[in-house]
Amino acid sequence: MVVPPPSSSNSNSIIGSIPAPIAAVNHNNMTTTNDHTDAFHHCTSLMAQGLVEQLGWMFYYVKPNSSIFMNVDDVPNYEVQIFPIFGVLVIIEQMIRLMQRKRFSRLSDVIVNIGAGLIFVAVRVALLGVVMKLFYFLYDNYRIVDLPKNCVSTWFISLLSVEFVYYWVHRSLHEINIFWASHQFHHNAVEVDVSVTLRDTVVDLVIYEFFPTPLALFVPPPILLVHMQFSLIYQVWLHTEVVSHLGPIEYIINTPRQHRVHHGKNPWCIDKNYGALLMVFDRIFGTYQAEEEKIVFGTTEKPYETFDTITLHFYYYYDSVWKKFKSMNSFGDKMKALFYGPGWAPGKPRTGLLSDIPPVDIHAPIERYDCEISFWESFYVMLHSFIIAMGFYIITDHPLVRRKKLLFSNNQLAFQPFYWPINDACFLMI
């Protein structure tokens, strides 16, 4: 029996020998697979670009034209959006510490720091609405000059203005006792790592939020809000021991080497290097100090023996400020106990005497509070903290929190405020 050859129209096509319905299904599956592959590559590319740009934010590397906004509602939550890259930096820092034969940061310290940071940023997001209303009230009714909102020169004027005011506010946190009562929590860390950036109190937050208020008399609030965020974001990488001398840029720019001096309790480190991005104002006002020898971190008082965040936030108000206030005899001295430096006492200068600072032994073991934590307790705390951090990251930048409109595209819900673009393809893949 002779089998007839296939027709010429089907001889070069396998699909041609398959029934039409099956061929159509296979073709649709191949198309869908290709679409998903393209979507995956596109989504991965977008996320990679987002990470690279967020890494630039850490170093104040942001194009002025891309961070100028006409409306304050359009300003992104930069502080929330950097949390993924912040986590990456924490891991990289620990790897470098390992290569430099330094011990890992203590888990207990990292958890306290991150927990305080979550509270700080969450309250900051909620408080910004009140702060912006105040800024707009001053700007709309009492501004003394009209700077163009979409001009790069206005962007740089805002940067320098925020830096100038930040210098004096940060200095006041050290030189006014009732302010130091809140700020000491940031400084009582006996080791400096990236997570210490988050170690701030809610009282510090209120001070930081309202400190740029006078700037609203001439700086447009949207640009002011951008620099308020980047001023704090830049300080993330300053808190580390793994970066050494960076050369001539240290004459102008703040670096980890210079900020370590700020966190030292060596007598020559006290009340030095207040700047955030710039060292210019420290040099102008006489508070600049270069790193000279090994630095012992922490405050001059003995570390408080607890990891309880609430206690660490507020114990100084009672143990130091209130007791000092009560011990004074005259009304004038009582006011000085509140508004002079923490080292002041009757007969001494406003900020106290440097000779009263106890000397430190740079070769002695670090004086710290510690306690035994089992492996499973540590594992639980790490897992629980990760879940809380992820929830925080999602909720604090949610459109309902930021009062943004939800976008609907092809019946898919997309969250506009998230920095990493989640288009329809990425959303379907997730």
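The values are calculated or read from the model by the stated rules, or taken from the named source; none is laboratory data. All values derive from a computational prediction rather than experimental measurement. All Cβ positions, glycine included, derive from the backbone under ideal geometry; neighbour counts span all protein chains shown.
A few comments on the model shown:
- The number of residues in the stretch 53-79 being within 27 Å of Phe104 (Cβ to Cβ) and in a helix (DSSP H, G or I) comes to 4.
- Checked against the criterion of being outside any helix (DSSP H, G or I), hydroxyl-bearing (Ser, Thr, Tyr) and modelled with pLDDT of 85 or more, the candidates Ser105, Ser7 yield just one match: Ser105.
- Any hit, the stretch 286-298, residues being touching a helix residue (DSSP H, G or I) at 6+ places or on another chain (Cβ under 8 Å), under 23 Å from Val162 (Cα atoms) and among the acidic types (Asp, Glu): no
- Residues in the stretch 156-182 that are of a type in the set (A, V, I, L, M) and under 20 Å from the mean Cα position of the chain (by Cα): Leu159, Leu160, Val162, Val165, Val169, Leu173.
- Identity of the residue in the stretch 149-190, assigned to a loop (DSSP other than H, G, I, E, B) and touching a helix residue (DSSP H, G or I) at 6+ places or on another chain (Cβ under 6 Å), that ends up nearest to Ser66 (Cα to Cα): Ala189
- Residue check, Ile111 touching a residue at least 24 places away in the same chain (Cβ under 8 Å), assigned by TED's automatic domain parsing to the domain that holds Phe379 and buried (at least 20 other Cβ atoms within 10 Å of the Cβ): no
- Residue check for Val243: closer than 25 Å to Phe185 by Cα and part of a loop (DSSP other than H, G, I, E, B): yes
- For first residues located in the stretch 41-52 and surrounded by fewer than 16 Cβ atoms within 10 Å (Cβ to Cβ), partners that are part of a helix (DSSP H, G or I) and modelled with pLDDT of 75 or more and lie 6+ apart or on another chain with Cβ distances below 9 Å form the pairs Leu51/Pro84; Leu51/Ile85; Leu51/Val88.
- Candidates Tyr393, Tyr340 - the one that is of a type in the set (Phe, Trp, Tyr), surrounded by 12 or more Cβ atoms within 10 Å (Cβ to Cβ) and modelled with pLDDT of 80 or more: Tyr340
Every residue, every condition in (1) outside the structural domain of Ser108 (by TED's automatic domain parsing); (2) at negative phi; (3) of a type in the set (Lys, Arg); (4) touching a residue at least 24 places away in the same chain (Cβ under 8 Å), yes or no:
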| site | (1), (2), (3), (4) |
| --- | --- |
| Gly341 | no, yes, no, yes |
| Pro349 | no, yes, no, no |
| Ile362 | no, yes, no, yes |
| Arg368 | no, yes, yes, yes |
| Glu377 | no, yes, no, no |
| Tyr380 | no, yes, no, no |
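- Count - residues of the stretch 294-314 that are at pLDDT below 90, more than 24 Å from the chain's Cα centre (by Cα) and over 20 Å from Arg171 (Cα atoms): 5
- Whichever residue in the stretch 197-213 is more than 12 Å from Val169 (Cα to Cα) and outside any helix (DSSP H, G or I) and, among such residues, is farthest from the chain's Cα centre (by Cα): Thr201
- Among the residues of the stretch 299-349, those identified as assigned to a loop (DSSP other than H, G, I, E, B) and farther than 21 Å from Asn266 by Cβ are Glu305, Thr306, Phe307, Asp308, Met328, Asn329, Ser330, Tyr340, Ala345, Pro346, Gly347.
- Hits in the stretch 141-163 - residues which are buried (at least 16 other Cβ atoms within 10 Å of the Cβ) and either of a type in the set (Phe, Trp, Tyr) or farther than 21 Å from Val62 by Cα (or both): Trp155
- Of the numbered criteria (1) of a type in the set (Asp, Glu); (2) closer than 27 Å to Phe120 by Cβ; (3) crowded, with 19+ Cβ neighbours inside 10 Å, the one Glu305 fails is (3).
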